[in-house]
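First comes the structure, then the notes that go with it.
The values are calculated or read from the model by the stated rules, or taken from the named source; none is laboratory data. As the structure is a prediction and not an experimental result, all values here were calculated from the model. Here the Cβ is made from the backbone with ideal geometry for all residues, glycine too, and neighbour counts use every protein chain on show.
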Amino acid sequence: MATTAAAFDHVAHAHIDTRSFIKRYIFSTDHKIIGIQFLIMSLLFLGVGGLLAIMMRWQLGFPGAALPAGGMFPETMAPDGIMLPEFYNSLVTMHGTFMVFFAIMPLLVGVFANFLIPLKIGAPDMAFPRINMASFWIAVPAGLIMLTSFAVEGGAAGAGWTMYAPLSASAEYSGVSTGQMLWSASIVVLGMASILGSMNYITTVINMRAPGMTWFRMPLSIWALFITAILTILAIPILSGAAIMLLFDQLLGTHFFLPPQGGQPLLWQHLFWFFGHPEVYILILPAMGFVSDIIANGSRKPIFGYHSMVFAIMGIGFLGWIVWGHHMFQSGMNPTLGTSFMISTLLIAVPSAIKTFNWLGTTWRGNIRFHVPMLNAVAFVAMFVIGGLSGVFMASTPVDIQIHDTYFIVAHIHYVLFGGSLFALFGAITFWYPKMFGRMMSERWGKVHFILTFIFYNLTFFPMHQLGLGGHMRRIYDPTEYEFLLPMQGINRFITVSAILLFTTQFIFAANFVISWFKGKRAGNNPWQDTGLEWTTPSPAPHGNFPTTPTVYHAPYEFSSPHVAEDYLMQDRKVERIASPTAS
Amino acid sequence: MGPRGNGAIAGTVRFGGTPPANPTIDMSEEPDCAGKHQGAPTDPQYVVNNGMFGNVFVYVKSGLPAGAEYTAPSTPVQSGCLYHPRVFGVLAGQPIEIRNSDPMLHNIKAVPDQNRGFNISQPREGMMTSRTFNAPEIMVPFECNVHGWMNAFVGVMEHPFFATSGEDGSFTIDGLPAGTYEIEAWHELAGTQTQSVTVPETGAVNVEFTFTAPAS
Amino acid sequence: MPFDWGLPPAASTFAADIDRIYYIILAVTGLAFVIVEVALVWFLIKYRGRPGRKAHYTHGSVKAEVIWTAVPAVVVVVIGILSGRVWNHIRGRDSVPPDALPVALVAKQFEWNATYPGADGSFDTDDDFTLRNEMRVPVNRPVVVHLTSEDVIHSFFVPAFRVKQDAVPGMEIRVWFQATETGEFPLACAELCGLGHYRMSARVVVQEQDAYERWLAEQAASQTVASR
């Protein structure tokens, strides 16, 4: 299957790079540069999303108090620095939108699918380098459109990131006209970038694996990114179609989702969640892949149950398509349908448990190195367990009656997306940083950042479970309006203070990231003593990646193999007389 | 500046027969609003005293030169659990200042046909918001969705020759140049009536409108 | 109001059923949580790296994996069956008790309007009357709410009754409950519905049957006066 013709092409000029600055760093077709471009873009949007969250938290902790530096906002957002409910709704909406579509998703996929797939499968670049470049340069304007919407009359979209119609479909209801249209347009544009990217990842993984890189010698990160790309290419067109229909309702006066003229509000929810639930797995599967790579490395052991890990990824990917209705138990959807969606949803606990116990099994009898990537990967496991288990409560239809649309859901999604995906990303960025930039990130500051983030993260999000059980609704601007929520206002204040500390802690990461770029310790080819193909090439990896196309002889995680003296056996290292390495 | 003169239209609006009862408003769940009213508050759709009809918007519909520009003082709006005034006019392009005089959230939703609508909130007492309509329109409805009973009606005019009848049914439009005009009286439920009047060089011409209850 | 850890005090018939499932899941997931986190921390300490030592070289254990696949599968199926039964009781096709008292609840930006059928027991007649941001029901009697919306999606949420149901424009959704305690209970909108969402609150007043009937008679009387 793996083609090597393209690889030979690149070998000749692997070390002679005569491209201009613009071709090399701006309109580059090199998958590594595109990955780094995505990294910078999505880290910036991560910062934006975080800032929006802090502003929201301020209002929730101290309702009606003027925002610090709130005077800089125009009267339509925060007169006298005190935010208006419509501005709060925009913050809610844009925080979710930026975090899901412009931070976590591009960080996981745009950055690491681009950067890792060719390097880890032994290919010189992506199958379609120009399409790859196009994918990044389509994503940028989408982000700018979204960002600009804050500046238009009526402000940014304010119907929540889930854009439930009819609130989202008619300006009469939301008070936001242009902002809502820009949201729809931006999502359609971003969708094109995702579709182009996924097409590329799928083709590359199928066609460009180095000789010997059989399917079951692929690292789990690549498996996860591959399955994710399949989910993306199937799910995103649904969202794009739905967003176009929404845009028609907003712009042309169609009535797909507006009931007075025969539209169906629930149609939007079905379309959105038919995309939205695979999307949830798009946002977690790559993280699981990176964590598997890092935990094997940190434990110095082969991953426990490699094959079942692969099948668990596929199982989650498949189940992801038949559970969307669990977002709609209280929506007016036929309750009998709710029961079937409950069963399929509960079944996701099975592959998730397999993965969790296999990670535990990997650390068992290991020789564990607590480097920064490992700390973050372990935190991923610990936090994903909480996020996964809290999902069982919502999956149970009767319990969901109480906690649906409350802070319990907010806690759950943040335990999965922050405690899960973002910790995995902190680990992955630190782990592959040397291969991107040729230098190591500071180990000491990485540990400081990890410990503080871990503490403040839990202080921020764990108490939200209690808010939700007590009936605290999501997306409300001022909880003190409800007498029954007043006793919990102390918890709200506590969360706000923790969230501000959590946000502040991220400056440590930002500083570490920037300073290490110029001043970090120089990295050798293989600073983590890992087994993957990317570590056989210099750091940073040159244009064309490999001087000669590597040949793969081993399974991906041959740590502590008895056949070599070191505790790692790289995938391309040929060893005489070796027992079947993939036996499980 | 558009033409101005010394003529005027003075008149009264009457209501023939018994006006329909104004619906009562259930303010019991909003004590700060209920406290501002004595007895059971009602929605003042029909303001009728001794046969005199208030809150009717009267304006010069035609007869003025087109394209002339005018200035006029604007009317501040108070949202005090009910809009004050309920029926008023502004010049197109003139800012309307809306003030929240209650210790609670109000929103102001305007759904015009010819103008750009808005839906804005005033979560705190004393907040002031200014909005402008640029195209003439009879009439732009205002509503508050937090308090579904709150309604107001704004006539967006090209010229300042309009008035709202008072509780005694009287109105005056002055500063008009001499000439013959068509004038219209508008009420939110009772409909519209038009008359042709000739305004003298100086002094006022007297006009009378009589509305009856609309067939239900 | 006092602060309660966990779920708020329950005041409807099926609240106890829901809470029971909640506590079962809490126990099961709590156990899983403790097992995983303790094992994780224990392994991290016990197998911390030491120089000159190699990790145990293994690719897994089929037996172990079968166990930790099968056990969660069985547990979630049991949770599913238990939940399904309660769900069916609350929301199943024929779950609305036939003698339930009807109330039409119309949600709009940003108010709840509860309409009662009046003395003749049917809606859309002259003796209907409407309460704004208040719903009054008798204790220990099933009530079926005919839920609609005038504009956008809202969600009818009474935490003490463990009731939540979206109000969708263009649909009439029936949701029932039976209060077990008298008193006033907060009713909130749980679905983002616009700039006044945070203030779309109301209350449910639960009265003894005779007090409720007296109130109903008063309403009917004043209704007759008003419509003259």
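Which residues, taken from segment C:122-146, are in a strand (DSSP E or B) and within 14 Å of chain B (Cβ to nearest Cβ)? C:Phe129, C:Thr130, C:Leu131, C:Arg132, C:Glu134, C:Met135, C:Arg136, listed by residue number. In summary, strands (runs of 3 or more DSSP E) completely within segment B:1-84 and bearing 2 or more residues that are modelled with pLDDT of 85 or more and more than 24 Å from B:Met139 (Cβ to Cβ) occur at B:6-16. Looking only at segment B:30-69, residues that are surrounded by 12 or more Cβ atoms within 10 Å (Cβ to Cβ), among the charged types (D, E, K, R) and over 29 Å from B:Phe211 (Cα atoms) come to 3 in all. If we scan segment C:50-62, do we find a residue that is at the interface with chain A (Cβ under 7 Å from one of its Cβ atoms), buried (at least 16 other Cβ atoms within 10 Å of the Cβ), within 39 Å of the chain's Cα centre (by Cα) and charged (D, E, K, R)? No, segment C:50-62 has no match at all. Applying the set (1) in contact (Cβ under 8 Å) with a residue 40 or more places away in the chain; (2) within 14 Å of chain A (Cβ to nearest Cβ); (3) more than 30 Å from B:Gly17 (Cβ to Cβ); (4) under 17 Å from the mean Cα position of the chain (by Cα) to B:Ile108 leaves exactly one unmet item: (1).
Quick check on A:Ile386: is it within 23 Å of the chain's Cα centre (by Cα) and surrounded by fewer than 23 Cβ atoms within 10 Å (Cβ to Cβ)? Judged against the criteria, A:Ile386 is not a match. Residue count for segment C:18-49 satisfying the condition of being at the interface with chain A (Cβ under 7 Å from one of its Cβ atoms) and farther than 30 Å from A:Asn367 by Cα: 4.
If you check C:Cys193, C:Cys189 for being within 16 Å of the chain's Cα centre (by Cα) and within 14 Å of chain A (Cβ to nearest Cβ), only one passes: C:Cys189.
For segment C:186-196, a residue qualifies if it is outside any loop (DSSP other than H, G, I, E, B) and buried (at least 23 other Cβ atoms within 10 Å of the Cβ), and the qualifying residues are C:Leu187, C:Ala188, C:Cys189. Quick one: count up the residues across segment A:335-363 that are farther than 16 Å from A:Phe318 by Cβ, of a type in the set (Ser, Thr, Tyr) and in contact (Cβ under 8 Å) with a residue 40 or more places away in the chain. Count: 3. For segment A:394-412, the set of residues classified as hydroxyl-bearing (Ser, Thr, Tyr) and either in a loop (DSSP other than H, G, I, E, B) or surrounded by fewer than 23 Cβ atoms within 10 Å (Cβ to Cβ) (or both) consists of A:Ser396 only. Here the condition is being out of contact with any His (no Cβ under 6 Å at 6 or more places or on another chain), free of Cβ contacts under 8 Å to residues at least 24 places away in the same chain and either among the hydroxyl-bearing types (Ser, Thr, Tyr) or more than 20 Å from A:Pro373 (Cα to Cα) (or both); of A:Pro487, A:Pro479, it holds for A:Pro487 alone.
When the test is whether a residue is in contact with a strand residue (DSSP E or B) (Cβ under 7 Å, 6 or more places away or on another chain), free of Cβ contacts under 8 Å to residues at least 40 places away in the same chain and either buried (at least 23 other Cβ atoms within 10 Å of the Cβ) or more than 26 Å from A:Phe456 (Cβ to Cβ) (or both), A:Leu84 passes it. Being polar (S, T, N, Q) and not in a loop (DSSP other than H, G, I, E, B) is the filter here, so list the residues in segment A:162-182 that pass it. Hits for segment A:162-182 are A:Ser174, A:Thr178, A:Gln180. Criterion applied to A:Gly446, A:Gly419, A:Gly366, A:Gly438 was being in contact (Cβ under 8 Å) with a residue 24 or more places away in the chain and within 11 Å of chain C (Cβ to nearest Cβ), and the one residue passing it is A:Gly366. All but one of (1) free of Cβ contacts under 8 Å to residues at least 12 places away in the same chain; (2) out of contact with any helix residue (DSSP H, G or I) (no Cβ under 6 Å at 6 or more places or on another chain) hold for A:Phe494; which doesn't? All conditions are met except number (1). If you check every pair at least six apart or on different chains, which have Cβ atoms under 7 Å apart with a residue in segment B:38-53 that is among the hydroxyl-bearing types (Ser, Thr, Tyr) first and a residue that is crowded, with 17+ Cβ neighbours inside 10 Å second? The qualifying pairs are B:Thr42/B:Ile25; B:Tyr46/B:Pro19.
Tally time: how many residues in segment A:183-236 are farther than 21 Å from A:Phe115 by Cβ, assigned to a helix (DSSP H, G or I) and either of a type in the set (Lys, Arg) or in contact with a His (Cβ under 9 Å, 6 or more places away or on another chain) (or both)? Summing the residues that are farther than 21 Å from A:Phe115 by Cβ, assigned to a helix (DSSP H, G or I) and either of a type in the set (Lys, Arg) or in contact with a His (Cβ under 9 Å, 6 or more places away or on another chain) (or both) in segment A:183-236 gives 2. Are any of the residues in segment B:85-105 within 14 Å of chain A (Cβ to nearest Cβ), within 29 Å of B:Asn22 (Cβ to Cβ), part of a strand (DSSP E or B) and over 16 Å from the mean Cα position of the chain (by Cα)? Taking every residue of segment B:85-105 in turn, at least one turns out to be within 14 Å of chain A (Cβ to nearest Cβ), within 29 Å of B:Asn22 (Cβ to Cβ), part of a strand (DSSP E or B) and over 16 Å from the mean Cα position of the chain (by Cα). Looking at A:Pro487, A:Pro562, A:Pro556, just one residue is more than 30 Å from A:Leu44 (Cα to Cα) and not in a loop (DSSP other than H, G, I, E, B), and that residue is A:Pro487. Go through (1) surrounded by fewer than 24 Cβ atoms within 10 Å (Cβ to Cβ); (2) on the phi < 0 side of the Ramachandran plot; (3) small (Gly, Ala, Ser); (4) more than 23 Å from the chain's Cα centre (by Cα) one by one and return the number of the condition A:Gly154 breaks. A:Gly154 satisfies all of (1) surrounded by fewer than 24 Cβ atoms within 10 Å (Cβ to Cβ); (2) on the phi < 0 side of the Ramachandran plot; (3) small (Gly, Ala, Ser); (4) more than 23 Å from the chain's Cα centre (by Cα) except (2). When C:Thr180, C:Thr224 are screened for being at pLDDT 95 or above and either more than 14 Å from chain A (Cβ to nearest Cβ) or loosely packed, with under 15 Cβ neighbours inside 10 Å (or both), only C:Thr180 passes. Checked against (1) at pLDDT below 95; (2) surrounded by fewer than 20 Cβ atoms within 10 Å (Cβ to Cβ); (3) more than 14 Å from chain C (Cβ to nearest Cβ), A:Val514 meets all criteria but (1). So which residues in segment B:77-114 are among the aromatic types (Phe, Trp, Tyr) and under 14 Å from B:Trp149 (Cβ atoms), if there are any at all? B:Tyr83, the sole residue that qualifies. Residues considered: A:Gln506, A:Gln529. Of these, the only one that is at pLDDT 95 or above, within 14 Å of chain C (Cβ to nearest Cβ) and within 23 Å of A:Trp432 (Cα to Cα) is A:Gln529.
Of the helices (runs of 4 or more DSSP H) lying entirely inside segment A:11-121, those carrying at least 3 residues that are at pLDDT 95 or above and closer than 30 Å to C:Leu195 by Cβ are A:31-61, A:85-97. The strands (runs of 3 or more DSSP E) falling completely within segment B:151-213 that include 2 or more residues that are free of Cβ contacts under 8 Å to residues at least 40 places away in the same chain and over 23 Å from B:Gly93 (Cβ atoms) map to B:191-199.
Taking segment C:161-179 as the range and being among the acidic types (Asp, Glu) and assigned to a strand (DSSP E or B) as the test, only C:Asp166 passes.
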